[in-house]
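Where a number appears in this text, it was derived from the coordinates with a stated rule and is not lab data. Source: prediction; values computed, not measured. Here the Cβ positions follow ideal geometry from the backbone for every residue, glycine too, while neighbour counts run over all protein chains shown.
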There are 2 protein chains.
Amino acid sequence: MRLALLGGTGDIGEGLALRFGKDTDHELLIGSRDPEKARDAVADYEDALDAVDADADLKGFANEMAADRADVVILSVPPYYAGDTTEAVAEKLDADTILVTPAVGMNGDEDGMHYHPPGVGSVTELVAKRAPDAVPVVGAYHNLAAGKLADLSIEFDLDTLVVGDDADAVDTVVSLSNEIDGLRALEAGPLANAAEVESVTPLVINIAKYNDELHDVGVKWI
Amino acid sequence: MRLALLGGTGDIGEGLALRFGKDTDHELLIGSRDPEKARDAVADYEDALDAVDADADLKGFANEMAADRADVVILSVPPYYAGDTTEAVAEKLDADTILVTPAVGMNGDEDGMHYHPPGVGSVTELVAKRAPDAVPVVGAYHNLAAGKLADLSIEFDLDTLVVGDDADAVDTVVSLSNEIDGLRALEAGPLANAAEVESVTPLVINIAKYNDELHDVGVKWI
């Protein structure tokens, strides 16, 4: 498959690019608003993958171009860009393109991070509302430990939760996610259940803040 | 210590009574609105503990009486009784009594369970507002797998998250929780961070609903 990582130069984009690059044979299209920045990131990711003898297929593009060529488009942009980026690439998407969103709305104060969803209930549902009706939207990769993901010397055993209204699209994202070594994808129901999934993200940041022995925290459901 | 489990005849009360009974030497006061019901529960718990050769100290009381005698009062009642039960026992509590609340506000629809906090932000904070000012309130035991907890034949490896504004009370509850075999207590910050902890409870129910291999789901932060 061809996977596009829009905003693929950020934390979660980097981690997913490196892990899909190391553990799968999928073609990876790294997207950025600035294609030059995308190509620079690709050079860095290739170095990191070479260092672990992984042979990956990565290319850098502007977001629109990456989305146009992909079977699965992962919207790894900050939450306040999720809606706009969806609209910016909307005409490149169709019923055969799965749009995956990992973004979470949060705000912080001295106590820690707090879940701060948009009025529609969750960023995942916001993306679904802004995407063309025919495009299946899936929420995933919200609660990953980004640092662990992006450090290929670290082996992990973590879960990611997948939500979506289109059963085939959910199945595809679950299977795709399970191809990453140490990652297990679990389903959490339709898009209406996304808020509870997203609110784990501020929580893992709070757990890292208040427990010295835990820095880059992920989750396992057992 | 003396631990009171108010509403100790319910799911989470039963699980905590059995685990504290099996793994610690604390005196356990099982509370119920109906003291007869509390004494019946004690007889059942003693049978379950005898079956695993555990020698525990349990007694059944009306909630007010149990609260009056305890160092730690665990409010294991349904969320819609949490505020009223707090007020019902308020005059039995003081600055030396830690009030622990595991309750979570949820509602369900065909998609699954959804987090439904009271206006004050979380049930944990609601209890803190209804308790006398001097009483330290701690949130804990929100996301435990109740079935696993109450089945003494099951060994588990689960985390519980602890929130509170009183550092000594939080330390006491963390230490107490860590006395249960297989349970690890982690801190998640002040009471203002309780909502993110509570919202994991509907999520674990949704995960159980949508994944055949997972029935009574708990969580491990790693």
In a shell of Cβ-Cβ distance under 15 Å around residue B:11, excluding residue B:11 itself, what net charge do Lys and Arg (+1) and Asp and Glu (-1) give?
-1
Note to self, chain A gives a 222 nm [θ] from helices alone (DSSP H runs n ≥ 4, -39500 (n - 2.57) apiece, / all residues, nearest 500) of -11500 deg cm²/dmol
Let me check I've understood the local charge: for residue B:116, count other residues with C-beta under 13 angstrom from its C-beta, Lys and Arg +1, Asp and Glu -1. What total comes out?
-3
Given 13 as the ceiling on other Cβ atoms within 10 Å, longest exposed-site-free region of chain B for GluC sites (Glu not before Pro) in DSSP loops
B:1-109
Within the protein assembly as shown, what percent of beta bridges assigned by DSSP are antiparallel, to the nearest 5?
20 percent
Quick note on A:207, B:74, B:205, A:12, ordering by fewest other C-beta atoms within 10 Å, gives B:205, A:12, A:207, B:74
Sort B:191, B:75, A:49 by Cβ crowding within 10 Å, fewest neighbours at the top.
A:49, B:191, B:75
Fewest to most Cβ atoms within 10 Å: B:61, A:156 sort as A:156, B:61
Span from the segment A:13-50 Cα centroid across to the segment B:195-222 one, whole angstrom
32 Å
Considering the Cα trace of segment A:170-209, what is its radius of gyration and what is Dmax, both in angstroms?
12.4, 34
Which of A:37/A:59; A:129/B:220; A:209/B:220; B:22/B:148 exceed 22 Å between C-alpha atoms? The answer is A:129/B:220
Let me know the mean shielding of B:201-212 by other chains, meaning the per-residue number of their Cβ atoms within 10 Å of its Cβ.
5
For residue A:133, which inter-copy label distances result when the label point lies 7 Å beyond Cα on the Cα-to-Cβ vector, reported in nm to one decimal and in ascending order?
5.8
Expected integer from the mean partner chain Cβ neighbour count at 10 Å over B:189-197 is 6
